[in-house]
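Rule-based calculations on the coordinates, nothing more; no lab input. Here the structure is a predicted model, which is why all the values come from computation and not from measurement. Neighbour counts run over all protein chains shown; Cβ positions are idealised from the backbone, glycine included.
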Amino acid sequence: IQYTNKDYANSRGVTLTVSKKPGQLLSMNFSYTYQVAEGVNSNPDDAYAAALSNTSPVSVLTPLDWDQTHTANLTLGVGQSDWGVFALGRFGSGLPYTPVINAAEAQGADVARSFENNSRRRPANYNVDLRAFKNLKLGGVNLSAFLKVFNVFDRRNELSVFGETGRATATPLQVG
């Protein structure tokens, strides 16, 4: 059996980057990406499954699972060649998900309503990390001590959400 991927997808975008070192001790790097990733299926097996079940393949462009429209990264640093402290911030707009009809609707209320694949967005996510280092020379040996603090503000990003609610923290049973 020969497998042929007949799906269509495209991705386009732009990235802007600014790096600045305003003094001997300070540094800053910022990057922003705007992108659109769309296609007929995020998974190439979907078209194959449609062919096996003798159903029509999807032909509408929708956001792909990894379509993150806005992404920004910022690094602020203080230091020299032998020591430094850096804060690293990351922001990403919400990835798409496909809403589902909840149990009440499935029992009669507006049952004919259906949702397009990946037609809603999860909440945005962001994170800040902290990194510090100090280089030492001890008895002719170069040493480096470092500290890494991940997720400084203890941010709980919603990476996976319930299709009924669009949130990771609210199950379909809690919404009723």
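What percentages, rounded to whole numbers, describe P(r) for the stretch 11-87 computed over all alpha carbon pairs with 5 Å bin width beginning at zero?
Over the stretch 11-87, the share of Cα pairs per 5 Å bin runs 3, 13, 15, 12, 10, 9, 8, 8, 6, 6, 4, 3, 2, 0 percent.
Compute a Gaussian network model of the chain, connecting alpha carbons closer than 10 Å, and tell me which residue from LYS20, LYS137, LYS148 fluctuates the most.
Judging by the Gaussian network model, the answer is LYS137.
Can you return the lysines within cross-link range of LYS148? Criterion is Cα-Cα under 19 Å, with same-chain partners fewer than 8 residues away left out.
LYS134
Rule-of-thumb check for the chain: C-alpha Rg over 2.2 N^0.38 Å? Can you show the working numbers first?
Values: Rg = 23.4 Å, N = 176, 2.2 N^0.38 = 15.7 Å.
In units of the 2.2 N^0.38 Å rule of thumb, it is 1.49.
Among GLY79, GLY139, GLY39, which one moves the most in a GNM of the chain with springs linking Cα atoms closer than 10 Å?
GLY139
Tell me which residues come under 5 Å, amide H to amide H, from ARG120 once H is placed; ignore anything under 5 positions away on its chain.
Close amide H contacts, sequence-distant or interchain: TYR97.
Tell me the net charge near THR33. Cut-off is 15 Å between Cβ atoms, THR33 excluded, with +1 for each Lys or Arg and -1 for each Asp or Glu.
Cβ neighbours under 15 Å give a net charge of +1.
Which residues does a label at SER31 reach in the stretch 58-73, if reach means a backbone N under 12 Å from a point 7 Å past the Cα toward the Cβ?
Under cut-off, by backbone N: 71-73.
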